[in-house]
Amino acid sequence: MNVLLIGSGGRESALAWKISQSPLLEKLYAAPGNPGIANFAENLNIKVSDFDGISAAVKEKKIDLVVVGPEIPLIDGLADRLSAQTLVVGPKKDGAQLEGSKDFAKRFMERYKIPTAKYKTFNKETYNDAVEFMKTLSAPYVLKADGPAAGKGVIIENDFKTACQELQEMFGGKFGAASSEVVIEEFLSGIEVSVFVLTDGKGGYVTLPEAKDYKRIGENDEGLNTGGMGSVSPVPFANQEFMAKVQERIVKPTIEGLISEKIDYKGFIFFGLINVKGDPYVIEYNVRMGDPETESVMLRIDSDLLELLKYAAEGNLKGKEIKISSQTAATVVLASGGYPGDYKKGLEITGIENVSGSTVFHAGTKIKDGKLVTDGGRVLTVSSLGNDINSALEKSLSEIKKINFENAYFRRDIGKDLLKYV
Ligand code: AMP
Ligand code: GLY
């Protein structure tokens, strides 16, 4: 098969690595890809927003399957555009609403009695009702821009007055059009876990390894939010009993709900869950894989991923199984000093060739004057398998030290908070 992977981050690097191992693969292309992806694919200089360019490449390169990494092209209708041409992994616009509109997602969960935080949705005209609703909740107040806001549209505020001000700013365009509607919801207290399924639009699905990501820049989850500083899989508290609840209360009703609404959802569903005293609740849906969860998840999949992706896109996953390694994966992100604030770009990266026994995925790199240089805040990830969290993490930490660029930064405590559940 000829496969085209859309995207250019660490998630797509991990997908490219895994897809490239499939005996079904003839040739892998990536649009636009990155220098790490170039080890497994031919990069095409086409932006993810250039639907005409992508469509032309599908025709020209005789692409049999397109795998869409990021959410924005899905929300904007890339799968609708391509599905007459070829097989696509990734939902059409209707299914992508699960991530594209928080209000849509909440109403969907309400219809199918899927456990989630109590909520209401408001706009500028209903500001006074929003304030009254907040009075019925206790602090902290959770305010979510309805539309996609590059992972930044959620505000959690302890002080009631400040929350009201924040709300006014959101209606005033703090997140552009994304916050003209705001979901206000009850704060849930617990520990988070990311669960992923790949589904075929006809009720067939496989559950991928679950993972936990680490969003804060500092150790012990302190400091500013980032795009993710590391991940581990499996997640010890997501044991058989918990995962059975996830399947019965969340995954199955979601898949059945999509079918009953005639949403032909072929692709990944990412359930952002929170464990509240042993019971799972949905914090959010995403219509793609997580980053940097994918870097850990791919290491633990022993099946041919491309075969499963093909079955999903064909509507043919029913009865198929996924083989998952019992080992633990730990991913540590190597970031540029200063991130998530200001940081330098174009710093020369050396030492990747010395890494052995761990897998390096590129997230923000580029080639400049024949040299590999940094091109983002999160630059590379180092992912390792081990018999437990400690051994996988130690491996990633010892290998990541072999990679050098000015002011490189990483967290040393990825997964450590989970040791108490082991
Ligand atoms: P979201 O973009 O919906 O994933 O929200 C970003 C982050 O805010 C989540 O990963 C949670 O850590 C936190 N969060 C969102 N909603 C809630 C909630 N209802 N209760 C507690 N934390 C939340
Ligand atoms: N790691 C969380 C996300 O990809 O949204």
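No value in this document is a laboratory result; all are computed from the given coordinates. On a predicted model such as this, the values are computed, not experimentally measured, just so you know. Cβ coordinates were reconstructed from backbone atoms using ideal geometry, including for glycine residues, and neighbour counts include every protein chain displayed.
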By the DSSP-based rule, helices of the chain that are at least 30 Å long along the axis (C-alpha) and have a mean Kyte score of at least -0.5 are none
Bin width 10 Å, origin at 0, all Cα-Cα pairs of the stretch 129-183: what percent of pairs per bin?
27, 57, 16
In the chain, which longest range has no trypsin sites (Lys or Arg not before Pro) that are both DSSP loop (not H, G, I, E or B) and surrounded by at most 10 other Cβ atoms within 10 Å?
114-261
Search the structure for amide H atoms under 5 Å from the amide H of LEU380, placed 1.01 Å from N in the peptide plane, and list their residues when 5 or more places away or on another chain.
LEU334, ALA363, GLY364
What is the fewest-to-most order of GLU166, GLU399, GLU406 by other Cβ atoms lying within 10 Å of their Cβ?
GLU406, GLU166, GLU399
So how strong a dipole does the chain carry about its Cα centre when Lys and Arg Cβ are +1 and Asp and Glu Cβ are -1, to the nearest 20 debye?
300
For the stretch 75-89, Karplus couplings with θ = phi - 60° (6.51, -1.76, 1.60), whole Hz, Gly/Pro x:
4, 7, x, 4, 5, 4, 5, 8, 5, 6, 9, 7, 6, 9, 9
First check a/c for the chain, with a ≥ b ≥ c the square roots of the eigenvalues of its C-alpha gyration tensor; if it is under 1.5, answer rounded, and if not, answer prolate when a/b is larger than b/c or oblate otherwise.
rounded
Rounded Å value of the spacing that divides the Cα centres of the stretch 185-257 and the stretch 126-145
26
Checking the stretch 243-317 for GluC sites (Glu not before Pro) in a loop per DSSP with at most 14 other beta-carbon atoms within 10 Å yields GLU261
Pull out a ≥ b ≥ c, the square roots of the eigenvalues of the alpha-carbon gyration tensor of the stretch 317-401, then state rounded if a/c is under 1.5, prolate if not and a/b is larger than b/c, and oblate in the remaining case.
prolate
Counting only residues 5 or more places away or on other chains, whose amide H sits under 5 Å from the amide H of ALA30 once H atoms are built in the peptide plane?
LEU5, GLU42, ASN43, LEU44
Can you tell me the dipole magnitude for the stretch 1-76 around its Cα centre, using point charges on the Cβ only (Lys, Arg +1; Asp, Glu -1), in Debye to the nearest 20?
200
Out of PHE122, TYR214, ILE324, whose Cα points farthest toward the positive end of the dipole of the chain (charges: +1 Lys, Arg; -1 Asp, Glu; placed on Cβ)?
ILE324
Given PRO73, ALA96, SER55, which one lies farthest toward the positive end of the charge dipole of the stretch 1-141, if we put +1 on the Cβ of every Lys and Arg and -1 on the Cβ of every Asp and Glu?
ALA96
Of TYR285, TYR421, LEU87, which is farthest towards the positive pole of the chain's charge dipole, taken about the Cα centre with +1 and -1 on the beta-carbons of Lys, Arg and Asp, Glu respectively?
LEU87
Given only helices, namely DSSP H runs of n ≥ 4 each adding -39500 (n - 2.57), what is the per-residue ellipticity at 222 nm of the chain, to the nearest 500 deg cm²/dmol?
-7500 deg cm²/dmol
Among the listed pairs LYS47/LYS93; LYS161/LYS215; LYS59/LYS323, those beyond 24 Å (Cα-Cα):
LYS161/LYS215; LYS59/LYS323
Alpha-carbon centroids, the stretch 74-106 and the stretch 1-48: separation in whole Å:
21
Value of Rg to Rh for the stretch 26-106 (Rh from inverse mean 1/r over Cα pairs, i.e. Kirkwood):
1.00
Determine, for PHE51, PHE271, the number of other Cβ atoms within 10 Å of each Cβ, and report the residues in order from fewest to most.
PHE51, PHE271
Computed magnitude of the charge dipole of the stretch 53-199 (debye, nearest 20; Cβ of K, R +1, Cβ of D, E -1)
400
What would the Debye equation give as log₁₀ I(q)/I(0) for the stretch 379-422 at q = 0.13 Å⁻¹, counting only Cα atoms as equal point scatterers?
-0.31
Translational diffusion of the stretch 117-250, µm² s⁻¹ [Kirkwood Rh, Cα pairs; Stokes-Einstein; 20 °C; 1.002 mPa s]
125
